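Rule-based calculations on the coordinates, nothing more; no lab input. Nothing here was measured: the structure is a model prediction, and the numbers come from that model. Here Cβ is always computed from backbone atoms with ideal geometry, including for glycine, and neighbour counts include all displayed protein chains.
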Amino acid sequence: MFRLLVVDDEVWIRERISQMIDWNLIQVEVIGEAADGEEALKKTRELKPDIVLTDIRMPCIDGLEFTKALKDEQLKSKVIILSGYSDFEYAQSAIKLGAFDYILKPVNDEELLNTVKRCTLLVEKEEKRDSLLQDLQKKMKANSAVMRERFILNLLNGYYPSEERARQEFRYFYKSVDHYNYLCFVVQLDELEREESVEELNLLQFGMCNITKDYADFIGENDVVLSSNGEVVCVLCCQDSLQDFLKRVVASAYEIKALIKEVFHKTVSIGIGNPCQDILNLSLSCQQARQVLLYKAYLGKDMVYHAQSMEDRSNAYRIDSYEIEKIKNHIEAGNKNEVACSVQRIISSLKEQEPVPRPLDLKAAYMDIIYSVIKSTDEFQTLPEILPTFDYLFFEKLNNIQSIDDFERNLEEISYLLIDHLLQVRSKHKRKIIGLALAYIEEHYQEPITLNDVAGEIFLNPSYFCKIFKMEMNESFTKYLMKFRVKKAVELLNDPCLKIYEIAEQVGYSDVQYFTKIFKTVTGDIPTHYRNRLK
């Protein structure tokens, strides 16, 4: 039943509305009456009716002020105004303040029931909506940790619709973020035993997350997420200075590493990115954390690596970035001689440095250069497919570097290997492109196609397509198309029912004289004589 409060300063009107109308017809119950707006407001607060049916002109507080008071106090009761003709504009003002509707006096029972019925439908609709929203809010609260984790992972991967939206979501999950410093570190399991059961693996990962979380709580607000098997990512927010922040994180990293080893008898390596002052740089901090973990391949496992210290250490063997860029360009161009020259210049630079670079420094330089080269082009993404032994060769050469001479030899060899890979990939790509072009010619040779048409069909620049077509086919596109059409024409000449001009049209030439000229250029004879020889 819907609850109705009747308000009017005339007793007989209140009694008539309350007692003479069959409210049960529309599932409405009159729960009270009020003689003026002040009493109505008090009873509305106490009884919380769904609907208030009120006169517009009353002592103390009139209908308009009453409606405004309900709105100001955010009371949800719907208001239906009883209005005389002279109060029509007054009633419209109440509608603007949120009243549901108005009914003109004298009151018509049917109109009154219909209006209140419409109002109950709105009340019912809003109650369902409120119930749904409350349920959703409960579910959202229960899943807030999942939503926050998803947001953090997207932020670390650089997936967000806009910078402002990312900051808004961060404020929503973290409340106060003003004057904060941020940092990301990654806890990475050094080895994962294959024979471990799912339960053992889950326990290990859960333990890594919890140990990391416990220590992170001492530093500041944080989120710890399981990124993948055997890797935990932690995002930290703290109001310490950048240097103090980093010191506390490094100290905690050693504690985390030691406790995981003690509890699970497993070693982990931890990579720490540089601290930053903008949440949008957290993805960079995460990348740095993962990148420095690459050093464990030759510096060792069960270690804590942080980007700032690795950058400081690398200053001992600083190689001109211009030379690294040159090597990248020469490898991409497939020029082994120029690669050798660039390597020689790097070697000369290393030999001049004081102190002489250690094997550790040379290994780091080797890794930095090759890693930079591999990231430079998408063509190296196929390395595992075309050269499955590359990783083994890369690390074998890495381990063999004990001197500058070793560095020179192994850097050259791995660079040449990358050049051979690129040439193979590009050759395969060219063959695929030419295959598509030949298929297009086969299907459309009867049409007036051009080089530009074919290049556009396979999404290539016409001049580049022309160049690779000639390289792969040992003849120009125009010459190939001409020979292909003549070859088809020769096949058609075997049919005596076809006239020469018809054959010309069927192989893409609308001008029979031009066709005859092309035919003679290719075969050495005109079509009619060639047909006669076929008999």
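Things to note:
- Cβ crowding within 10 Å averaged over residues, with 181-187, 288-294 ranked highest first: 181-187, 288-294
- Length available on full extension from residue 432 to residue 202: 0.36 nm per residue minus the Cα-Cα distance, which gives 78.2 nm.
- Point-to-point label distance, residue 267-residue 247, nm (Cα→Cβ direction, 7 Å offset): 2.9 nm
- Compared with the dominant principal axis of the Cα atoms in the chain, helix 109-142 is inclined by about 50°.
- DSSP bridge orientation in the chain - percent antiparallel, rounded to nearest 5: 50 percent
- Neighbourhood net charge (11 Å Cβ-Cβ; Lys/Arg +1, Asp/Glu -1) for residue 126: +1
- Debye equation applied to the C-alpha atoms of region 325-424, log10 I(q)/I(0) at 0.22 Å⁻¹: -1.19
- Note: the chain, Cα convex hull, 351 Å³ per residue.
- Set 78/125; 213/261; 499/520; 301/328; 296/328 screened for pairs whose C-alpha atoms are more than 19 Å apart: 301/328; 296/328
- Available extension along the chain between residue 338 and residue 192 is 48.3 nm, counting 0.36 nm per residue and deducting the alpha carbon span.
- Tilt relative to the chain, helix 462-473 - C-alpha long axis, 0 to 90 degrees, to 10: 40 degrees
- Overall, the chain carries a charge dipole of about 2460 debye about its Cα centre when +1 sits on the Cβ of Lys and Arg and -1 on the Cβ of Asp and Glu, all other atoms neutral.
- Tilt relative to the chain, helix 144-156 - C-alpha long axis, 0 to 90 degrees, to 10: 30 degrees
- For region 430-534, the extents of the C-alpha atoms along the principal axes are 42, 22, 20 Å, listed from largest to smallest.
- Principal semi-axes in Å for region 157-277 [√(5λ), Cα gyration tensor, largest first]: 28, 17, 11
- In the distance distribution for region 1-128, Cα-Cα pairs more than 24 Å apart total 16 percent.
- Fully extended contour minus Cα-Cα distance, from residue 478 to residue 126, at 0.36 nm per residue: 119.4 nm
- Average projected area [Cα convex hull, region 209-286], square nanometres: 4.9 nm²
- Placing R0 at 45 angstrom, the Cβ-Cβ distance between residue 277 and residue 1 gives a FRET efficiency of 0.15 after rounding to 0.05.
- Within straight-line reach of residue 432, meaning a Cα separation under 18 Å, sit the following lysines at least 8 residues removed in sequence or on another chain: 467, 470.
- Simple rule: put +1 on each Lys or Arg Cβ and -1 on each Asp or Glu Cβ in the chain, find the dipole, and look at 277, 134, 340; the Cα lying farthest toward the positive end is 340.
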